[in-house]
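Structure first, then comments.
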Amino acid sequence: MVFIKAMAVTITMVFAGSVLAKTSDKPIDTPQRLLERMDRNIDGKISFEEYRNAMVRRFDARDKNGDGVLEGKEYPKDWLAGADTMAANGKLTWDEFGEALQPVFDQYDADKDGLLDTNEIAAFAAARKAKEESK
């Protein structure tokens, strides 16, 4: 259960966009930046499929050796910001990552229509901003 909670936090941080270094001066993701990065059909909403595809790209970009497992430097510590634990073996497999995608998407899909609309994306971006500013 603790691992699942850690995964939810992990995916939440990933969903927000670029992983920011603590010394980064990059601006925190805005709803517009999330849409630009994920909304492939440009309808102003993010479907689960668009979200999932963005997450696949994110995971694959981090998996430098292509083994389907993030570990060591491939596994950025910022992905677990706010979590008290991570996988006991210090690794994150694609299957573990994939299992956490739907629950996190559903958390932000307030009206449960299968799409993140402007208000839902704005709520997510606001939560992300608050987390970043609390570090």
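Tabulated data
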| quantity | calculated |
| --- | --- |
| Projected label distance in nm at ASN65 and ASP43, using a 7 Å step from Cα toward the beta-carbon | 4.1 |
| Within-11-Å neighbourhood charge of LYS64 [Cβ basis; K, R +1; D, E -1] | -3 |
| FRET efficiency estimate (nearest 0.05) - Cβ-Cβ, ALA130 to VAL56, R0 22 angstrom | 0.25 |
| Neighbour-count ranking [beta-carbon atoms within 10 angstrom, fewest first] of ILE46, ILE121 | ILE121, ILE46 |
| Residue order, fewest to most surrounding Cβ atoms within 10 angstrom, among VAL104, VAL69 | VAL69, VAL104 |
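The numbers here are math on the coordinates, done by the rules we state, and not lab data. Predicted model, so just to flag it, every value in this text is computed and none were measured. We place every Cβ from the backbone using ideal geometry, glycine too, and count neighbours over all the protein chains shown.
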